[in-house]
Amino acid sequence: MRTLVILAHPDLAQSTVNRAWADALAQHPGRYTVHALYRRYPGGRIDVAAEQALVDAHAAFVLQFPVYWFNCPPLLKQWLDDVLTHGWAYGSRATALAGKKAGIAVSLGTPAADYRADGAVGCTVAEALRPFELTLRYCRAAWQSPFYWHGIDSNAAYDDSARAAVAQSAQDYLAHLARYYP
């Protein structure tokens, strides 16, 4: 069965990194289903039953998003709140996510050096985004190693070097998925 990639980027057309990743995933339709939340729900009204059925139809899922203030974009937070319901995702009788491989793939617009105890952020990316791990583990999903990519600063010039780095990040992302979601 394929891996579901739940893509949450509010303006994918203007994205550099997440769009490159989505384009790379689209080259492998037999392995990955890319589900763009902002495209599917432009008005923000999530069809919970449809989303649960989509998750059920896949062997694994990945939440892909750009990090916004040490969190995800608002529609993904709403998706988590609405879709991961008691009795389906968690609770004594919930089995939907039990043992299902799950994780995150995030792009960060800050240098990796910022995400250290002595860096500008003051903690690691894993520490900053731990609520995603806790949420998925609480739902008994099989948490997989996250994919993080530090790179494009929105204030930096987008030159040949940056384009090459983004292209490499897409290949690294595919390799990560192949390793953790075979």
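None of the figures in this text is laboratory data; all of them are computed from the coordinates on show. Remember, predicted model here, so these are calculated numbers, not experimental data. Please note: Cβ atoms are built from the backbone with ideal geometry, for glycine as well, and neighbour counts cover all protein chains shown.
Looking at R140, is it surrounded by fewer than 15 Cβ atoms within 10 Å (Cβ to Cβ) and either assigned to a strand (DSSP E or B) or not polar (S, T, N, Q) (or both)? Talk me through it step by step, then tell me what you get.
Numbers: surrounded by fewer than 15 Cβ atoms within 10 Å (Cβ to Cβ): no; either assigned to a strand (DSSP E or B) or not polar (S, T, N, Q) (or both): yes.
No: the conditions fail for R140.
Could you tell me how many of the residues in the stretch 23-50 are closer than 24 Å to L97 by Cα and either free of Cβ contacts under 8 Å to residues at least 24 places away in the same chain or in contact with a Pro (Cβ under 7 Å, 6 or more places away or on another chain) (or both)?
Number of matching residues: 7.
Return the residue satisfying two criteria in turn: it lies in the stretch 82-119 and is among the β-branched types (V, I, T) and closer than 29 Å to A170 by Cα, and of such residues it is farthest from the chain's Cα centre (by Cα).
Applying the first criterion (among the β-branched types (V, I, T)) to the stretch 82-119 yields 83, 85, 95, 104, 106, 110.
Those left that are additionally closer than 29 Å to A170 by Cα: 83, 104, 106, 110.
Details: V83: 15, I104: 4, V106: 6, T110: 17 Å.
Per the criteria, the residue is T110.
Can you run down the residue pairs with Cβ atoms below 8 Å, 6 or more apart or on separate chains, where the first is in the stretch 90-101 and closer than 21 Å to T3 by Cα and the partner is β-branched (V, I, T)?
Hits for this filter: A96/V55; L97/V55; K100/V55; K101/T3.
Just to be sure I understand the filter: pairs with C-beta atoms under 7 Å, separated by 6 or more residues or on different chains, first member in the stretch 118-131 and of a type in the set (S, T, Y), second member in a loop (DSSP other than H, G, I, E, B). Which pairs pass?
T124/Y115; T124/R116
Tell me yes or no: at least one residue of the stretch 54-63 is of a type in the set (A, V, I, L, M, F, W, C) and closer than 25 Å to D114 by Cα.
Here is the first cut: in the stretch 54-63, the ones of a type in the set (A, V, I, L, M, F, W, C) are 54-55, 57, 59-63.
Filter once more, so that each one left must be closer than 25 Å to D114 by Cα: 62-63.
So far as the stretch 54-63 goes, yes, one or more of its residues are of a type in the set (A, V, I, L, M, F, W, C) and closer than 25 Å to D114 by Cα.
Check Y90, Y68 and return the single one that is touching a Lys or Arg at 6+ places or on another chain (Cβ under 8 Å) and hydroxyl-bearing (S, T, Y).
Numbers: Y68 fails: touching a Lys or Arg at 6+ places or on another chain (Cβ under 8 Å).
On inspection, the qualifying residue turns out to be Y90.
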